[in-house]
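Just below is one structure, and these are the notes that go with it.
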Amino acid sequence: MELTAEEKAALNGEHGETLQTAYRILVATGEATNAEKLVPIKWAHLSGVNYNTIGDSGEEFLRELSKDARVKVKATVNPMGIDFDHISEFKHIDDEFVQKQASIRDSYIRMGVEPTFSCTPYDIFDLPEKNTQVSFAESNAAIFANSLGGLKTNKESAFSALASAITGKSPYSDLRKDDITTPMTIRMKMDNPSELDFGMLGFFAGKVGDTSVNISGVSKPNRRSCKALCGGMGTSGTCAKFQFVDTEDEKSEKVDFGKEEMNEVFDELNTAEKGDIITLGSPQLSLEELSDLSKMLKGKSFQKRCMIFCSRAVQEQARSHNYTNEIERAGGEILSDCCTCLTPLIDTNETDAVTTNSIKGAYYLKNSTGVDVNLKPLAKIIEDETK
Amino acid sequence: MSKIIVQGKAQGTVLKTTSPINFLGAVDKKTGVIRDEKYDIFKKSIKDTVLVFPHGIGSSVGAYTIYSLKSNQSAPIAMICQKADLTVASGCALANIPMIVVSNEEFDSIQNGNEISIDTKSEKILN
C-alpha cells in the first residue's frame with residue numbers, strides 16, 4: 001500500500017504514539033484487503049462499547065487511549081451493555097459491571113464521539129450524500145449503509161473503525177471501490193415474507209455469499225424487514241452488501257432460498273417452543289417501528305416481561321410523539337443505550353428461553369448469553385403473548 | 001508466496017484448525033482456550049502457539065478478544081491465515097502479533113504440531 005509522506009511520518013511515530021498505533025492498524029487492514037492507498041472518510045461508527053464483550057483489557061485500553069486520542073471525523077458508537085437509567089431495576093447486575101461500563105462510556109465521550117450507543121445510526125442521523133466513504137464496524141449498520149444508504153464502507157472491525165475515526169482515513173479496498181463484482185444471486189422463493197423471514201434470508205445469504213450478493217424475488221420490503229435482513233446477514237458471515245434485482249444476471253451463480261433453506265435456519269436458531277420473556281429490537285427499533293408497535297398494542301397487555309430496545313435519541317422522539325404511552329401501558333419496558341445482543345440485563349438465572357423476532361438477537365442469545373430462543377414474527381408475538 | 005500483514009518474528013509449535021475462527025465467543029479471552037465444541041480444536045489452548053486457521057469470522061469486536069488475549073499473556077505468538085480479514089488483521093496489529101497470509105498449498109502443507117519459525121524481515125518468511 002502506498003502511503004503519503006505525511007502518513008509515513010505518522011506510521012513512524014513522528015506525530016505521537018496514538019497516531020502511530022492508528023496507522024499501524026490501517027496498514028495491516030490495508031495489506032489484508034490489498035488496498036493501494038488510504039482515502040478520507042466522513043463518518044466512523046465504532047463497536048467495542050459493551051463491557052460484556054471487551055472486558056477489563058478493553059476498558060483499560062480505552063481509558064489509556066482516551067487520555068490523548070481525539071476523533072477527527074463524526075464518530076458514533078454501538079450500544080453498551082446496560083441502560084444506566086434503569087439499572088436499579090436489574091438487581092443481578094453487579095457494581096463492578098456498572099463502574100467498568102461507565103468508564104468505557106466516559107472514555108468514548110472523552111475522545112469526542114457522539115454518545116449514540118446505538119446499532120442503528122441510520123435511524124438517528126440523515127445519511128450523507130451517495131457514495132460518501134464511511135467506516136462502520138457494526139455489521140448491520142455497514143450492510144444498511146452500503147445496500148440501502150448508498151454509502152461505501154467495508155465490514156470494519158472494532159479497531160479499524162477506531163483507527164479511521166482518529167485519522168479520518170480508511171484503506172481503499174473491496175466495497176469502497178466502484179467496480180464491485182457480485183457473482184451470486186439469491187432467489188427469494190417465499191411469498192409474503194414477514195420480518196422474521198427476511199432475517200432468515202439475511203442469515204442464509206451471509207453464509208453462502210462472499211462480499212456482496214444480489215437478491216431477486218423480493219418486492220419492496222418495509223424498513224423493519226430491511227433492518228431484519230441487514231441484521232441477519234451481518235451475523236452469519238463476511239457479506240457486507242446486497243442489491244435487490246428484478247432481472248437475474250445470467251452470469252451469476254443462482255442459489256434458491258425456499259422453504260427447505262428457511263427451515264434449516266429456523267431449526268438452527270429456534271430451540272424453544274415458548275419464552276419466559278420477550279425482547280424486541282435487534283437492531284434497535286426506529287421511531288416508525290415504535291409507532292407501529294403502539295398501534296398494535298392498543299387495548300392489549302403483555303402477559304410476560306417484554307424488553308423493547310431503541311436508541312436514546314429515538315426514545316426521546318417517541319416520548320414527544322406519545323408513542324411510548326400505549327407501549328408502557330401494555331407493560332413494555334423501553335430500554336435505551338443497549339440491545340438484545342450481548343446485554344447482561346437478561347438474567348440467565350431467571351430466564352431459560354427468550355421469545356424474539358430477531359435473527360441477530362437469536363444468534364447472540366443462543367451463542368453468547370446462553371439461553372434458548374423461541375422465534376416468532378412480531379404480529380404473532382402480539383397475538384400469542386398479549387391479552 | 002507469503003504476504004505480511006503484521007511484521008514480527010516468532011518460533012513455536014503449530015496449532016491448526018480448518019474452521020474459520022469467531023474470536024468473540026469461541027475463544028476464552030483470559031485463558032486462550034477454545035470453548036466452542038463445534039471446533040476441531042475444542043478445549044485446546046491457543047496460548048503461545050503458532051495459530052494456523054483459514055480466516056476470522058463473526059463480530060467486529062473479535063479484535064478486542066485478540067488484544068485481551070495478549071494483555072492476559074494467553075495469545076498465540078503468531079497467526080497464519082489463508083485469507084486475511086479485518087478483525088484478525090487489526091487485532092494482531094494492535095496486539096503486535098506477527099501475522100501472515102499464505103497460499104492454499106502452503107496452508108495445506110503446515111501440519112498440527114510442526115515446529116515453525118516466522119521472520120517477516122527474512123527472505124524466506126516461513127521455515
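The values are calculated or read from the model by the stated rules, or taken from the named source; none is laboratory data. Please read all numbers here as calculations on a predicted model, not as lab measurements. No Cβ is skipped: glycine too gets one built from the backbone with ideal geometry, and neighbour counts run over all protein chains shown. Surface accessibility is based on the protein's heavy atoms, side chains included, excluding ligands, DNA and RNA. Shrake-Rupley method; radii C 1.70, N 1.55, O 1.52, S 1.80 Å.
For the reader, a short list of remarks on this structure follows.
- Residue that is farthest from the chain's Cα centre (by Cα) [pool: residues in the range B:64-92 that are open to solvent by 10 Å² or more (accessible area, probe 1.4 Å), facing another protein chain (nearest Cβ under 7 Å) and closer than 23 Å to A:Ser173 by Cα]: B:Leu86
- Any hit, the range B:93-112, residues being in a helix (DSSP H, G or I), touching a residue at least 12 places away in the same chain (Cβ under 8 Å), under 15 Å from the mean Cα position of the chain (by Cα) and under 15 Å from A:Glu31 (Cβ atoms): yes
- When A:Lys67, A:Lys37, A:Lys91 are checked against the criterion of being basic (Lys, Arg) and either within 19 Å of A:Thr153 (Cβ to Cβ) or not assigned by TED's automatic domain parsing to the domain that holds A:Leu127 (or both), a single residue qualifies: A:Lys37.
- Residues satisfying the stated conditions in the range A:184-210, i.e. within 14 Å of another protein chain (Cβ to nearest Cβ), surrounded by 19 or more Cβ atoms within 10 Å (Cβ to Cβ) and outside any helix (DSSP H, G or I): A:Gly209
- Residues of the range B:1-33 satisfying the condition of being within 11 Å of another protein chain (Cβ to nearest Cβ), open to solvent by 30 Å² or more (accessible area, probe 1.4 Å) and assigned to a loop (DSSP other than H, G, I, E, B): B:Gln7, B:Pro20, B:Asp28, B:Lys29, B:Lys30
- Selection count where residues are over 25 Å from B:Lys124 (Cβ atoms), over 13 Å from the mean Cα position of the chain (by Cα) and not acidic (Asp, Glu), scope the range B:5-32: 6
- Cross-chain or 6+ apart pairs with Cβ under 7 Å, the range A:1-18 first and over 18 Å from A:Pro171 (Cβ atoms), then among the aliphatic types (A, V, I, L, M) and surrounded by 13 or more Cβ atoms within 10 Å (Cβ to Cβ): A:His15/A:Ala9; A:Thr18/A:Leu65; A:Thr18/A:Ala69; A:Thr18/A:Ile166
- Residue tally, condition surrounded by fewer than 24 Cβ atoms within 10 Å (Cβ to Cβ), more than 8 Å from chain B (Cβ to nearest Cβ) and assigned to a loop (DSSP other than H, G, I, E, B), over the range A:2-58: 13
- Any chance B:Ala89 is assigned to a loop (DSSP other than H, G, I, E, B), of a type in the set (A, V, I, L, M) and closer than 23 Å to A:Cys239 by Cβ: no
- A:Ala142 vs. criteria within 14 Å of chain B (Cβ to nearest Cβ), out of contact with any His (no Cβ under 9 Å at 6 or more places or on another chain) and at pLDDT 95 or above: no
- Any hit, the range A:177-194, residues being under 27 Å from B:Gly62 (Cβ atoms), touching a residue at least 60 places away in the same chain (Cβ under 8 Å) and in contact with a helix residue (DSSP H, G or I) (Cβ under 6 Å, 6 or more places away or on another chain): yes
- First in the range A:280-306 and in contact (Cβ under 8 Å) with a residue 40 or more places away in the chain and farther than 24 Å from A:Leu342 by Cα, second anywhere and of a type in the set (Asp, Glu) and open to solvent by 10 Å² or more (accessible area, probe 1.4 Å), Cβ under 6 Å, 6 or more apart: A:Leu297/A:Glu326; A:Gln303/A:Glu385
- Filter result for B:Ile21 (over 28 Å from A:Asp174 (Cα atoms) and of a type outside the set (Lys, Arg)): no
- Just one residue in the set A:Thr348, A:Thr343 is buried (at least 24 other Cβ atoms within 10 Å of the Cβ) and not in a strand (DSSP E or B); that residue is A:Thr343.
- Helices (runs of 4 or more DSSP H) fully within the range A:76-183 counting 3 or more residues that are surrounded by fewer than 16 Cβ atoms within 10 Å (Cβ to Cβ) and touching a Pro at 6+ places or on another chain (Cβ under 9 Å): none
- Residue list for the range A:352-376, restricted to those being crowded, with 19+ Cβ neighbours inside 10 Å, part of a loop (DSSP other than H, G, I, E, B) and not hydrophobic (A, V, I, L, M, F, W, C): A:Asn357, A:Ser358, A:Lys376
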